[in-house]
Structure formats: structure tokens, C-alpha cells
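The structure appears right after this line, and notes come after that.
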Amino acid sequence: MAQILVLDPEPTLKVILDRIFADDDKFRLLYVSSLPVALEILNGNPAKKTAATAAKQEFDGAVAQLQGVAARVLENKEKMEFALREGLKLEKQIQAVSAETAATPAVVEAKAEWSKYQASANEAKAAMAEAAQAEAKAQKQADEKRARSEELNKSVPAGADEKVGLFLIADSFLQPNPGDWLSGFKKSLTYEINSNVPIAVTGNKATEHLIRKYLIPGIFDYFVKPLDELLAKQNLKFLASEKKELEREVYALAIKSQVDLIYEFEIEAISEQSFSLYSTTPFEKDEFRMFSSELFLRKLERKILARCLQCTKVSETEERYLSEFWFVGVEPFFLHQIRGVIEKSTSKTKK
Amino acid sequence: MLNILLISDDAESCAKIEKMLCEMGLTQLTLVKSLAEGMQIFMPTDAAAPVTPAPEFNLILLDTNLLLSPVKDIGDLREVRKDSVSAATAVCLLSKDKDPESIRRFLVSGVRDALVKPVMAGALKAVLDSLPGVGPSAARSMTKVSGVAELYYEAESVEVSEFDILIASKKQIPENEFRPIYGAVFQWTPTQRVLARCSKCEAEANDEGFFFARFAYVAVQPGITKQVRIWLKKEYVLQKERGDGG
């Protein structure tokens with residue numbers, strides 16, 4: 001069973017999540033109200049677990065002691081009963097003896113024996129009474145230990161000491177800087193089994209640039225509220241599942257269409273005919289690429305075609321390249337825009 | 001003196017270009033009105049005529065209006081001149097459409113540049129100056145700026161669902177990498193782009209050098225997934241009608 005730990009105070013989210021996972025016994029939802037409690041679960045809750053374990057051990061000890069005392073009570077009771085039974089037999093025998101045979105050695109011995117049994121019975125009775133007192137005390141101690149152990153075990157959150165498949169957390173907990181929060185959070189994870197728990201964020205952000213602040217290594221998704229149930233179900237199950245190979249109950253269409261994967265690179269310099277940029281992948285000479293930038297502000301979505309003039313690796317320790325691209329298909333408005341950018345940068349430099 | 005071959009049926013543009021070249025002091029211009037005529041220059045059909053070597057051109061200006069199938073047409077042009085002195089001559093396109101998405105499909109192997117009509121003198125001169133051995137060899141004056149460029153790296157969708165998209169890319173994508181994806185297939189969002197996480201990418205490329213990567217949509221705004229479902233249903237019906245299966 002995969003566990004999803006949820007830290008988001010919004011009540012409607014709980015309703016939706018409960019609905020999504022209502023009929024699925026392969027997933028369990030754990031709701032917590034604060035980050036410290038979430039950490040207790042993720043870290044297996046060692047302090048409380050240790051206390052609960054110790055209390056359980058004490059309870060077990062008290063039970064063993066109680067059993068010992070109870071055994072003593074029983075033993076003494078049996079002794080007493082035996083002595084009384086034997087004493088009674090002898091008493092009857094003695095009573096049946098006539099006055100002539102009362103002083104015979106056998107009868108005298110029998111009387112002595114009877115006295116011993118009486119004494120033994122009295123001893124056993126006293127010991128039994130003492131043991132019964134001890135038993136009552138031990139019972140009381142055992143009851144106290146049981147109550148304490150149960151209390152401590154109840155205080156250990158459900159799911160502690162178990163693997164968490166996914167931690168779903170509201171974006172408000174990651175403020176002001178998600179990167180710093182994640183770094184601190186990772187340091188707080190001491191339970192190895194959950195040290196790499198996947199994290200997904202919930203929130204109301206609407207723009208890509210605000211959402212991308214949260215999509216740092218270690219965070220796998222951002223769910224915009226209110227959740228789309230089918231989408232959330234598909235993605236939450238995938239993230240929480242160990243195998244990561246869920247049966248795809250997905251309806252897909254074969255559609256062949258051009259798409260573009262968008263990569264961001266830093267522009268280094270610009271001229272009227274070309275620009276240079278730093279990239280993490282090399283470009284081939286004369287290859288054409290499409291770019292977009294605020295600097296290339298044009299009516300048509302700020303896109304420009306460019307041809308690679310040259311590409312040079314500029315770092316020995318990392319994949320970093322400086323490439324120059326020649327603008328292709330330039331029209332007057334674009335040239336005017338580029339000149340404005342150059343003028344602005346030049347005047348800034350002069351200042 | 002540069003020798004330029006202009007292949008275009010746009011009389012107005014041809015006249016303007018001719019005038020610009022004249023003002024630049026470059027009068028060696030050969031003008032033809034169709035691609036077939038252009039190819040003829042390199043491949044005379046009259047077998048009886050003596051073989052006259054085609055002149056060496058420094059630049060071929062080719063109007064995209066004359067191209068029905070860019071890859072084939074430009075390939076054929078390259079093929080006919082492969083044994084001539086103009087085998088390595090750069091091809092610069094003339095496009096009436098300034099939309100980069102429209103020009104992009106013409107930028108096939110053999111093409112070096114593109115000019116948007118009406119052609120500006122400065123842009124034409126820049127193209128001429130950039131030809132090997134023609135323009136000034138001094139380095140361009142570049143101005144340091146602060147900015148970010150988004151590279152639109154071409155890929156192709158293979159399969160689209162309400163939760164994810166399978167794409168074929170020439171570049172291997174690291175799993176769990178987040179990437180905005182742009183495309184007309186995402187017409188369900190105002191910007192036609194969605195943020196997605198690579199949930200799986202094949203370790204090996206196929207025979208054609210494509211890696212298949214599945215991207216799960218991330219941070220889809222409320223209501224969008226519903227639009228996607230409606231769109232998918234419509235697409236399904238359209239595909240059925242076209243007999244594409246689905």
C-alpha cells in the first residue's frame with residue numbers, strides 16, 4: 001500500500017482526495033495539520049516510539065511480575081489446602097481413637113503430625129495473604145503501565161515508521177523561498193526510508209513563471225486548485241506508486257504535430273545582425289533555430305529565426321557553450337527594436 | 001563584383017532588388033521566373049548544344065512562393081548544381097510571410113538565410129557581406145546586454161491524452177526534467193504552451209535517431225483539462241471521419 005501524506009489545510013482538498021481514493025485500497029491518505037507532525041511521520045517518530053517501546057517493556061515487566069506473584073499465591077493456597085486436607089484426615093483418625101489407645105506412640109505421632117499440618121496451613125495462609133496483597137499491588141502497577149503504554153502508542157501518529165510514497169504540501173508552507181525550504185526540509189529527514197520522499201505542491205498560482213519557482217529538483221509536480229479529479233488521480237497515483245508503471249487507463253489519440261521544447265539561455269551580447277548566448281548544449285554551425293526573447297519584441301510572439309555562426313565551449317569543468325547566432329528573416333520593425341535595445345544598453349554602460 | 005541568381009516571379013520585388021544591387025555597385029544579376037528555369041541554368045536540356053559551364057554564382061535568391069515541397073525542391077536545385085562551380089553557393093530565401101513559423105519550414109539543408117519582402121537594402125547588404133570572402137572580416141561590434149532567450153527546440157508529438165503527451169525528439173530528455181512545450185496541438189491554452197514533466201524517456205534512440213519521451217502536464221489550470229477532453233473527443237470524431245483510426 002502506498003501512503004500519501006497530505007499537508008494542506010483546505011477542507012475541499014480533503015473532500016476531493018477522499019473521493020479520488022475512495023475505492024482504491026492500494027493507497028492510503030494521511031492528513032496532518034502541521035509540518036512538525038509531518039516530519040514525525042516521515043522520520044518514523046523516534047522519540048515517541050522510544051518512549052512507547054519503553055512503556056510497553058515496563059508494562060510487560062509488570063505483567064511478568066504480577067504473574068510471578070499470582071503463582072506464589074496459588075502455590076501457597078495449594079499448600080494450605082493440602083495441609084488442611086491432611087490435617088483433617090488425621091483429626092478424624094485421632095477422634096476415632098478410644099481412650100485406651102490415645103497414648104499409644106502411633107496416636108501421639110499422629111497428633112504431632114496433625115499439629116505440623118496445622119502450622120503449615122497457617123503459614124501457607126499467612127503467605128497467601130501476603131502474596132495476595134503483593135498481587136493486588138502488582139495488578140495495580142500493571143494496570144498503570146498498560147494505560148501509559150497505550151497512551152504513548154496512541155500518540156505515535158499513524159504511518160510513522162512506514163514508507164511515505166508522496167508528500168503533498170500546500171505552497172504556502174514553502175514561502176518565501178521554496179529552494180531554501182526544501183534544503184532545510186531535506187536536512188530534517190533522518191529516517192532513511194523517507195529521505196528521498198517525492199514532493200508535490202498544491203496551490204492557486206496561475207502563471208507559469210510563478211509556478212516554476214516551485215518546480216525545483218526534488219519537487220515533482222504542482223497541482224492547481226481546485227483539483228481536476230481525473231488528472232489528480234492519474235498523477236498522484238503515478239508519483240506515489242513505487243513501481244512508477246501504473247496501468248495506463250488513459251485515452252490517447254495518435255496526433256502527429258510539431259511541438260517545441262522550450263529551453264532558456266542567457267543572452268550575452270547583441271548586434272544588429274546577430275546575438276550571442278550561453279547554453280548547456282552545443283549547437284552545430286549553420287543550424288537554424290527559433291528563439292524568443294523580450295529583447296526581440298515583435299508583434300508575432302517575440303520569435304525570431306537565427307542561424308548558428310559559431311559555437312565554442314567556454315568551460316572545462318561543465319557543459320557551457322557560447323554561441324553566436326545570425327538573425328534570419330528580419331523586417332524593419334525588428335531591426336528598429338534591436339537598435340533600441342542596443343542604444344539603451346550602450347547608454348546604461350556610459351552612465 | 002558579385003554574381004547573383006534571382007529566382008522569383010514577383011516582378012515588383014525583383015525590380016527593387018535589382019535597383020538596390022545597382023546602387024550597391026553590383027550589377028551582375030541573373031533573373032529567372034521559375035525554379036525550373038533556374039535549374040536549367042545548371043542543366044541545359046538541349047543535348048546537341050555544346051556544354052557551356054554554368055557561371056559561378058555567389059548567391060542564389062529563391063522566392064519561397066515557387067516552392068511546393070521545400071525539401072524536395074531545394075534538394076533538386078542542389079543536386080543539379082553539384083558538379084558545377086556553384087555547388088557550394090549559398091541559397092537565401094525571399095519570403096512574403098514574415099511569420100517565423102511559416103519561414104521555418106523552408107529552412108532545409110542548403111539554405112543559408114532568409115529575407116522578408118519587401119526586402120530592405122540593409123538586410124540585403126548584410127546577407128551579401130556575410131558571404132564567405134565578401135564582407136569585412138573584422139568582428140562584429142556586439143553590445144553586452146542582459147536578457148534571456150528561449151530556444152524552441154523542434155520535436156514532434158506522437159500521442160496526446162488528457163494527462164500527457166508522447167513526443168519524438170532528437171535530444172534525449174532527462175527524466176523528471178520540467179519543460180514548457182509549445183505547439184498548435186495545445187490550442188486549448190491561450191498561449192499554446194503547457195508546462196510538463198518528463199515522466200519517462202527511452203534510453204536509446206530509434207533507427208531514425210528519435211528518442212521517445214512522455215511528458216506529464218504540470219500545473220494545468222482549472223477548466224483546462226475539461227477543454228482538453230472536449231478537444232480530444234472532437235479530434236477523435238474527426239479522425240474517424242477521415243479514416244485515420246484513433
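Taking residue B:200 as the residue in question, decide whether it is facing chain A (nearest Cβ under 9 Å), part of a strand (DSSP E or B) and surrounded by fewer than 16 Cβ atoms within 10 Å (Cβ to Cβ).
no
Which residues, counting only those in the range A:305-325, are out of contact with any Pro (no Cβ under 6 Å at 6 or more places or on another chain) and part of a strand (DSSP E or B)?
A:306, A:307, A:308, A:309, A:310, A:312, A:313, A:322, A:323, A:324, A:325
What residue, among those in the range A:167-196 that are within 14 Å of chain B (Cβ to nearest Cβ) and touching a Lys or Arg at 6+ places or on another chain (Cβ under 8 Å), is farthest from residue A:228 (Cα to Cα)?
By that ranking, first place goes to A:178.
Would you point out the residue of the range A:307-351, among those that are under 49 Å from the mean Cα position of the chain (by Cα) and aliphatic (A, V, I, L, M), that is nearest to the other protein chains (Cβ to nearest Cβ)?
A:322
Among the strands (runs of 3 or more DSSP E) lying completely within the range A:241-297, list those that include at least 1 residues that are among the β-branched types (Val, Ile, Thr), closer than 27 Å to residue B:90 by Cα and modelled with pLDDT of 90 or more.
Once the strands (runs of 3 or more DSSP E) in the range A:241-297 are filtered for at least 1 residues that are among the β-branched types (Val, Ile, Thr), closer than 27 Å to residue B:90 by Cα and modelled with pLDDT of 90 or more, what remains is A:252-270.
Where the second residue is among the small types (Gly, Ala, Ser) and surrounded by fewer than 17 Cβ atoms within 10 Å (Cβ to Cβ) and the first is touching a residue at least 60 places away in the same chain (Cβ under 8 Å) and under 14 Å from residue A:64 (Cα atoms) and lies in the range A:134-158, which pairs have Cβ atoms under 6 Å and are six or more apart or on separate chains?
Every condition considered, the pairs that remain are A:135/A:70.
Can you find, within the range A:31-54, the residue that is modelled with the highest pLDDT among those that are crowded, with 16+ Cβ neighbours inside 10 Å and β-branched (Val, Ile, Thr)?
Ranking the candidates gives A:32 first.
Kindly check whether there is at least one residue in the range A:14-33 that is within 17 Å of residue A:185 (Cα to Cα) and either part of a loop (DSSP other than H, G, I, E, B) or more than 20 Å from the chain's Cα centre (by Cα) (or both).
yes
Out of (1) surrounded by 14 or more Cβ atoms within 10 Å (Cβ to Cβ); (2) over 11 Å from residue B:188 (Cα atoms); (3) within 31 Å of the chain's Cα centre (by Cα), the odd one out for residue B:208 is which?
Among (1) surrounded by 14 or more Cβ atoms within 10 Å (Cβ to Cβ); (2) over 11 Å from residue B:188 (Cα atoms); (3) within 31 Å of the chain's Cα centre (by Cα), residue B:208 violates only (1).
Could you check, for the range A:103-111, whether at least one of its residues is outside any helix (DSSP H, G or I) and on the phi < 0 side of the Ramachandran plot?
So far as the range A:103-111 goes, yes, one or more of its residues are outside any helix (DSSP H, G or I) and on the phi < 0 side of the Ramachandran plot.
On the basis of being more than 7 Å from every other protein chain (Cβ to nearest Cβ) and crowded, with 21+ Cβ neighbours inside 10 Å, does residue B:182 make the cut?
When the stated conditions are applied, residue B:182 does not pass them.
In this structure, does residue B:233 turn out to be within 16 Å of residue A:254 (Cβ to Cβ) and either at the interface with chain A (Cβ under 10 Å from one of its Cβ atoms) or in contact (Cβ under 8 Å) with a residue 12 or more places away in the chain (or both)?
yes
Results for (1) over 30 Å from residue A:234 (Cβ atoms); (2) not β-branched (Val, Ile, Thr), shown as yes or no for each residue.
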position: A:17; (1), (2): no, yes
position: A:20; (1), (2): no, no
position: A:52; (1), (2): yes, yes
position: A:64; (1), (2): yes, yes
position: A:69; (1), (2): yes, no
position: A:79; (1), (2): yes, yes
position: A:110; (1), (2): yes, yes
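Condition test on residue B:107, is it closer than 14 Å to residue B:7 by Cβ, at pLDDT 90 or above and either under 18 Å from the mean Cα position of the chain (by Cα) or away from chain A (no Cβ under 14 Å) (or both)?
For residue B:107, the condition - closer than 14 Å to residue B:7 by Cβ, at pLDDT 90 or above and either under 18 Å from the mean Cα position of the chain (by Cα) or away from chain A (no Cβ under 14 Å) (or both) - is not met.
Can you find, within the range B:159-177, the residue that is surrounded by the fewest Cβ atoms within 10 Å (Cβ to Cβ) among those that are in a strand (DSSP E or B) and at the interface with chain A (Cβ under 7 Å from one of its Cβ atoms)?
Out of the qualifying residues, it is B:159.
State the number of residues belonging to the range A:202-223 that are in a helix (DSSP H, G or I), modelled with pLDDT under 90 and among the charged types (D, E, K, R).
2
Identify the residue in the range B:139-158 that is out of contact with any helix residue (DSSP H, G or I) (no Cβ under 6 Å at 6 or more places or on another chain) and among the hydrophobic types (A, V, I, L, M, F, W, C) and, among all such residues, is surrounded by the fewest Cβ atoms within 10 Å (Cβ to Cβ).
The qualifying residue surrounded by the fewest Cβ atoms within 10 Å (Cβ to Cβ) is B:139.
Taking the condition acidic (Asp, Glu) and over 30 Å from residue A:231 (Cα atoms), does residue B:164 pass?
Taking the combined requirement at face value, the residue does not satisfy it.
Can you name the residue in the range B:211-223 that is within 25 Å of residue A:209 (Cβ to Cβ) and more than 8 Å from chain A (Cβ to nearest Cβ) and is also surrounded by the fewest Cβ atoms within 10 Å (Cβ to Cβ) among such residues?
Once the filter is applied, the top-ranked residue is B:223.
Against the conditions (1) surrounded by 15 or more Cβ atoms within 10 Å (Cβ to Cβ); (2) more than 9 Å from chain A (Cβ to nearest Cβ); (3) in a loop (DSSP other than H, G, I, E, B), where does residue B:190 fall short? Just the number, please.
(1)
Report whether or not residue B:126 is at the interface with chain A (Cβ under 8 Å from one of its Cβ atoms), modelled with pLDDT under 90 and within 18 Å of residue A:307 (Cα to Cα).
yes
For the range B:90-106, which positions are in contact (Cβ under 8 Å) with a residue 24 or more places away in the chain and not acidic (Asp, Glu)?
Across the range B:90-106, the qualifying residues are B:90, B:91, B:92, B:93, B:94, B:95, B:96, B:103, B:105, B:106.
Cβ contacts < 9 Å: first residue more than 7 Å from every other protein chain (Cβ to nearest Cβ), restricted to the range B:140-158; second residue of a type in the set (Ser, Thr, Tyr), any location; separation 6+ or different chain. Result?
Between residues of the range B:140-158 that are more than 7 Å from every other protein chain (Cβ to nearest Cβ) and residues that are of a type in the set (Ser, Thr, Tyr), the close pairs are B:146/A:345.
Just one of the numbered conditions (1) surrounded by 20 or more Cβ atoms within 10 Å (Cβ to Cβ); (2) within 9 Å of another protein chain (Cβ to nearest Cβ); (3) acidic (Asp, Glu) is not true of residue A:208; which one?
Evaluating residue A:208 over (1) surrounded by 20 or more Cβ atoms within 10 Å (Cβ to Cβ); (2) within 9 Å of another protein chain (Cβ to nearest Cβ); (3) acidic (Asp, Glu) leaves (1) as the failure.
The values are calculated or read from the model by the stated rules, or taken from the named source; none is laboratory data. Everything numeric here is computed off the predicted structure, so don't read it as measured data. Heads up, the Cβs are rebuilt from the backbone with ideal geometry, glycines too, and the neighbour counts pull from every protein chain shown.
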